[in-house]
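Colleague: Okay, handing you the structure first.
Please treat every number below as a calculation from the coordinates, not as lab data. Values in this document were obtained by computation on a predicted structure and should not be read as measured data. Cβ coordinates were reconstructed from backbone atoms using ideal geometry, including for glycine residues, and neighbour counts include every protein chain displayed.
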Amino acid sequence: MSNIISASLLGCDLANLEKECERAKNSGVDWLHFDVMDGVFVDNISFGLPVLKSLRNKTDMFIDVHLMITKPENYVQNFVKLGADLVDFHLEAAKDPKAVIELITQMGAKAAVAVKPGTDIEKVYPYLDKICMVLVMTVEPGFGGQVFIPETLEKIRKLRAEILRRSLEVKIQVDGGINDKTAPLVIEAGADVIVSGTYIFNADDMKKAADLIR
Ligand code: DX5
Ligand code: ZN
């Protein structure tokens, strides 16, 4: 089974969002990764609901929404309503993760839980039978273009072993600092959904870059 590539729109030319999505699609990218930052959970502000709504009218690609926000329970339903196919929320930001997962799945989208590099991977284990994916951050969330943190490889390996042990179908997504050098490392460790922003959007040949990390 080949890996899924999700292009992080944070790394694209946002003034040409529609064209950038077409470029990703034509390059064989599988999903669009939509990073939402609130300036509270992380020290940066990106884009949110109105941009997702406009984007949904312009593309039929699978949209993977990564919420780096506090109180995800207040927003997940709107993100699904406006076009998210999958919603990742941070475990560190949710008071009652099971309730957030239910809000997402009741609305008909897929739910995923994200963890920062410093969060123990065992914290996601109680939710593995309720979600379709775990997002293991491989940089501190908040900014594109950072350097991959190698210590996260051990978390990916540990999570892959737990998923196998319990015979679950849960996917492992990695996000941050992924390029042609780091992709083989995370894939070897057990990742199957690879997010890439800076590397893929800045490549001279996007298709070649997507093929290389896949
Ligand atoms: C970081 C975001 C990432 C980011 C990845 O907080 O969650 O999705 O855009 O960008 P690169 O590939 O540039 O590390
Ligand atoms: Zn992200």
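Colleague: Among the residues of region 126-165, count how many are part of a loop (DSSP other than H, G, I, E, B), closer than 20 Å to residue 187 by Cα and among the charged types (D, E, K, R).
Modeller: Total meeting the criteria: 2.
Colleague: Given the residues 40, 51, 65, which is the only one that is on the phi < 0 side of the Ramachandran plot and touching a strand residue (DSSP E or B) at 6+ places or on another chain (Cβ under 7 Å)?
Modeller: 65
Colleague: Listed residues 26, 57, 44; which is within 17 Å of residue 213 (Cβ to Cβ) and surrounded by fewer than 19 Cβ atoms within 10 Å (Cβ to Cβ)?
Modeller: 26
Colleague: Under 7 Å between Cβ atoms, which residue pairs at least 6 apart in sequence (or on different chains) link something in region 74-90 that is closer than 15 Å to residue 60 by Cα with a partner that is among the aromatic types (Phe, Trp, Tyr)?
Modeller: 85/62
Colleague: I'm checking my understanding of the structure. Among residues of region 1-38 that are touching a residue at least 40 places away in the same chain (Cβ under 8 Å) and part of a loop (DSSP other than H, G, I, E, B), which one is nearest to ligand 2 (Cβ to nearest atom)?
Modeller: 12
Colleague: Something else: I'm trying to understand the selection: among the residues of region 180-194, which are under 15 Å from residue 147 (Cβ atoms), in contact (Cβ under 8 Å) with a residue 12 or more places away in the chain and either in contact with a strand residue (DSSP E or B) (Cβ under 8 Å, 6 or more places away or on another chain) or of a type outside the set (A, V, I, L, M) (or both)?
Modeller: 180, 182, 183, 186, listed by residue number.
Colleague: Tell me which residues, restricted to region 62-84, are within 16 Å of ligand 1 (Cβ to nearest atom) and assigned to a loop (DSSP other than H, G, I, E, B). Spell out how you get there, then give the answer.
Modeller: Of all residues in region 62-84, those within 16 Å of ligand 1 (Cβ to nearest atom) come to 62-70, 72, 79, 84.
Passing the criteria: 69, 70, 84.
Colleague: Going by what's in this entry, would residue 94 be described as within 23 Å of residue 174 (Cβ to Cβ), free of Cβ contacts under 8 Å to residues at least 40 places away in the same chain and either among the hydrophobic types (A, V, I, L, M, F, W, C) or within 15 Å of ligand 2 (Cβ to nearest atom) (or both)?
Modeller: So residue 94 passes the test.
Colleague: Test residue 122 against the criterion of being within 16 Å of ligand 1 (Cβ to nearest atom), over 17 Å from residue 193 (Cα atoms) and in a helix (DSSP H, G or I), and give yes or no. Walk me through how you get there before you give the answer.
Modeller: Details: within 16 Å of ligand 1 (Cβ to nearest atom): no; over 17 Å from residue 193 (Cα atoms): yes; in a helix (DSSP H, G or I): yes.
Considered against the rule, which asks whether it is within 16 Å of ligand 1 (Cβ to nearest atom), over 17 Å from residue 193 (Cα atoms) and in a helix (DSSP H, G or I), residue 122 comes out as no.
Colleague: Would you confirm whether any residue within region 45-54 is hydrophobic (A, V, I, L, M, F, W, C), touching a helix residue (DSSP H, G or I) at 6+ places or on another chain (Cβ under 7 Å) and assigned to a loop (DSSP other than H, G, I, E, B)?
Modeller: Scanning region 45-54 turns up no residue that is hydrophobic (A, V, I, L, M, F, W, C), touching a helix residue (DSSP H, G or I) at 6+ places or on another chain (Cβ under 7 Å) and assigned to a loop (DSSP other than H, G, I, E, B).
Colleague: Taking residue 112, is it closer than 24 Å to residue 196 by Cα, touching a strand residue (DSSP E or B) at 6+ places or on another chain (Cβ under 9 Å) and not in a loop (DSSP other than H, G, I, E, B)?
Modeller: For residue 112, the condition - closer than 24 Å to residue 196 by Cα, touching a strand residue (DSSP E or B) at 6+ places or on another chain (Cβ under 9 Å) and not in a loop (DSSP other than H, G, I, E, B) - is met.
Colleague: Give region 159-211 a look and list any residue that's farther than 22 Å from residue 63 by Cα, crowded, with 16+ Cβ neighbours inside 10 Å and away from ligand 1 (no atom under 14 Å from the Cβ), or say none.
Modeller: 159, 160, 162, 163, 185, 189, 190, listed by residue number.
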